[in-house]
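Only one structure is covered here, and it is reproduced in the block below.
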Amino acid sequence: MLDDGTVTMTPGLTDDELARIENEFGFEFADDHRSFLCTGLPIGESWPDWRSAPRRSLQQRMRLPVEGILFAVEWREFWGADWGVRPARMKDALRSANYHLARVPRLVPVQANHYLPAGRGTSGNPVLSVYQSDVTCCATDLPAYIAREFEGSEPDAPLRTSAVRFWSDLQ
């Protein structure tokens, strides 16, 4: 929340800054995420600083969901339901998992371990909490998430969300 001093809102990202970020990291923000970041850029310990954070730090945050799944494949015997038969050798299982993960929607950090799927021309996707293969829905969409984080509002009804290929299957 803003009033506890952990988040500072800075001026929103410009179109040029957004284009640079998307080009540098190889994804496109969803329309609602883009609109939010144009309005104001939250800066704080758990928010990605798209303007000033070191490139390596942002790359790590972008890679965390996939790295978490690969960790679960290696150490928790996780295997995607649509990935076919799991190879016997761990090296082959990790290679196959990487292949499949390269074909699922890319997740973009919103705050801490909360993510939105990337994709220009999309909006209204759920905000997902992702920790290894544990995925839960934090909010039905970005506006609901922002209302909860900044205004302290809670959802009135159980969360019903649109599905995000692969990631929603882990809920």
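For segment 75-144, please list each of the strands (runs of 3 or more DSSP E) lying entirely inside it that holds at least 3 residues being farther than 17 Å from residue 166 by Cβ. Break it down into steps so the answer makes sense when it comes.
Values: elements: 107-111, 114-117, 127-131, 134-139.
Output list reads 107-111.
State whether one or more residues within segment 51-63 are out of contact with any Phe, Trp or Tyr (no Cβ under 7 Å at 6 or more places or on another chain), hydroxyl-bearing (Ser, Thr, Tyr) and touching a residue at least 40 places away in the same chain (Cβ under 8 Å).
no
Conditions (1) small (Gly, Ala, Ser); (2) at pLDDT 90 or above; (3) surrounded by fewer than 19 Cβ atoms within 10 Å (Cβ to Cβ), marked per residue:
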position	(1), (2), (3)
98	no, yes, yes
102	yes, yes, yes
118	yes, yes, no
122	no, yes, yes
128	no, yes, no
171	no, no, yes
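Go through segment 28-66 and give me each residue that's β-branched (Val, Ile, Thr) and either in a helix (DSSP H, G or I) or on the phi > 0 side of the Ramachandran plot (or both). First the steps, then the outcome.
We begin by selecting, within segment 28-66, every residue β-branched (Val, Ile, Thr); these are 39, 43, 66.
Within segment 28-66, 39, 66 meet the criteria.
Within segment 81-119, can you find the residues that are β-branched (Val, Ile, Thr) and over 28 Å from residue 141 (Cα atoms)? Please lay out each step first, then the result.
Keep residues of segment 81-119 that are β-branched (Val, Ile, Thr), which gives 85, 104, 108, 110.
Hit for segment 81-119 is 85, nothing else.
Name the pairs: first residue in segment 17-29 and in contact (Cβ under 8 Å) with a residue 60 or more places away in the chain, second residue surrounded by 14 or more Cβ atoms within 10 Å (Cβ to Cβ) and acidic (Asp, Glu), Cβ to Cβ under 8 Å, at least 6 apart or on different chains?
Sorted first by the residue in segment 17-29, then by its partner, the pairs are 28/22; 29/22.
Rundown of residues vs (1) over 18 Å from residue 46 (Cα atoms); (2) hydrophobic (A, V, I, L, M, F, W, C), yes/no style:
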| residue | (1), (2) |
| --- | --- |
| 73 | yes, yes |
| 84 | yes, no |
| 92 | yes, no |
| 103 | yes, no |
| 110 | no, yes |
| 113 | no, no |
| 120 | yes, no |
| 126 | yes, no |
| 141 | yes, no |
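The values are calculated or read from the model by the stated rules, or taken from the named source; none is laboratory data. All figures in this text were calculated on a predicted structure; none of them were measured in a lab. FYI the Cβ positions are ideal-geometry reconstructions off the backbone, even for glycines, and counts take in every protein chain you see.
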